[in-house]
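The values are calculated or read from the model by the stated rules, or taken from the named source; none is laboratory data. These numbers come from a predicted model, not from an experiment. Methodologically, a virtual Cβ is constructed for each residue, glycine included, from the backbone with ideal geometry; neighbour enumeration extends over all protein chains shown. Remember, those area values only see protein heavy atoms, side chains included, never the ligands or the DNA or RNA. Shrake-Rupley method; radii C 1.70, N 1.55, O 1.52, S 1.80 Å.
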Amino acid sequence: MPANKRATAADAAFVITRVFDAPLSLTWKAWTEADQLKAWWGPKGCTIEVASLELRPGGFFHFNMRFANGQEWWGRFLYREIAPRQRIVWLNSFSNPGCGITRAPFAMAIPLEILNDVTFAERSCKTTVSLRATPHGATDEEIATFKSMHGSLEQGYGSTLDQLAQVLAQVSAKVSG
Amino acid sequence: MQADQIDRAFAALADPTRRGILARLSQGEATVNELAAPFDLTQPAISKHIKVLERAGLISRGRVAQTRPCRLETAPLQGLAEWIEAYRHLWEDSFERLDAHLKSTQAAKRKGRKDARK
């Protein structure tokens, strides 16, 4: 794993993997070209209007999500790492029309920024896409605190959100039970 | 749930020991000593984990007696679970569309090649 493992390894991650019946070249384009991204990415029922797409570390994909009822939500990807045809790391958040970061426009407990790490691998003309998403925020500070406390935290990480979901399921079973 | 509390809650959940503590507390109140037992950690280390969970609003501690038993605060956890479900839906839906998009892109490409050969 690359050097930035530290940034994600400690997090409770959401993981989703899917094999697409398309070669890597096409799949990569679908993730990195504005007119293709807007064709598939986004919440259900919205039309994406791309304000800008600058595919480089520190660049933004800034977009407007328009819904049938006239509602508009702005969002942005802040790219952190781009390894052509291999990997994209970015921070996803809601934004304002000026590309400034904002909280979610609805009442739900959502982290301000979500760190996404997607990798691509081709095999027999099919492309496996694996996405890992982790809440981003106070995490770095927390990691540092606990690192200084004891050095053995590396082991036992790599836990997925499924584990977290398990805990949550237990918890909600208790609540409703 | 306050915005900064959400971030704190997610950070708190990032650690497997802390998730273990929450799982234990879902079965009922427990003292710090009881919580420390299943983990190979010192009591001060467990106390730090508990403080993180408490600051994040995921647990609360009794005022009575020296032991100050810990108890789970379920409301924020349910709020967080909601987000996870929403994010999963977002990506599942998007991947459905990406699948369809790639299929049509490929079909168009094949057709283009076929037409070119004519």
- Query: Residues of region B:1-27 being more than 9 Å from every other protein chain (Cβ to nearest Cβ) and either farther than 25 Å from A:ARG103 by Cβ or open to solvent by less than 20 Å² (accessible area, probe 1.4 Å) (or both), which ones?
  - Reply: B:ARG18, B:ILE21, B:ARG24
- Query: Any idea how many residues of region A:102-132 are at pLDDT below 90 and either of a type in the set (Val, Ile, Thr) or within 20 Å of A:GLY58 (Cβ to Cβ) (or both)?
  - Reply: 6
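If you scan region B:61-113, which residues turn out to be in a loop (DSSP other than H, G, I, E, B) and either at the interface with chain A (Cβ under 7 Å from one of its Cβ atoms) or under 20 Å from the mean Cα position of the chain (by Cα) (or both)?
Passing the criteria: only B:GLU73.
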- Task: Would you kindly identify the strands (runs of 3 or more DSSP E) lying entirely within region A:56-103 that contain at least 1 residues that are within 19 Å of A:LYS38 (Cβ to Cβ) and of a type in the set (D, E, K, R)?
- Result: A:60-67, A:72-83
- So which of A:VAL50, A:VAL118, A:VAL129 is in a strand (DSSP E or B) and surrounded by fewer than 15 Cβ atoms within 10 Å (Cβ to Cβ)? A:VAL50
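Residue by residue, here is whether (1) within 14 Å of another protein chain (Cβ to nearest Cβ); (2) at pLDDT below 90 holds:
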site	(1), (2)
A:ASP11	yes, yes
A:PRO23	yes, no
A:PRO57	no, no
A:PHE61	yes, no
A:GLY70	no, no
- Query: Could you give every pair whose Cβ atoms fall below 6 Å, whose first residue belongs to region B:89-118 and is over 29 Å from A:PHE14 (Cα atoms), and whose second residue is among the hydrophobic types (A, V, I, L, M, F, W, C) and surrounded by 12 or more Cβ atoms within 10 Å (Cβ to Cβ), counting only separations of at least 6 or pairs across chains?
  - Reply: B:GLN106/A:ALA22
- Item | B:ASP115 of a type outside the set (A, V, I, L, M, F, W, C), within 30 Å of A:LEU24 (Cβ to Cβ) and modelled with pLDDT of 90 or more | no
- Task: State all residues of region A:21-66 that are aromatic (Phe, Trp, Tyr) and without any contact (Cβ under 8 Å) to a residue 24 or more places away in the chain; if no residue qualifies, say none.
- Result: A:TRP40, A:TRP41
- Query: Which of (1) in contact with a strand residue (DSSP E or B) (Cβ under 8 Å, 6 or more places away or on another chain); (2) crowded, with 17+ Cβ neighbours inside 10 Å does B:GLY57 not meet, given it meets every other one?
  - Reply: (1)
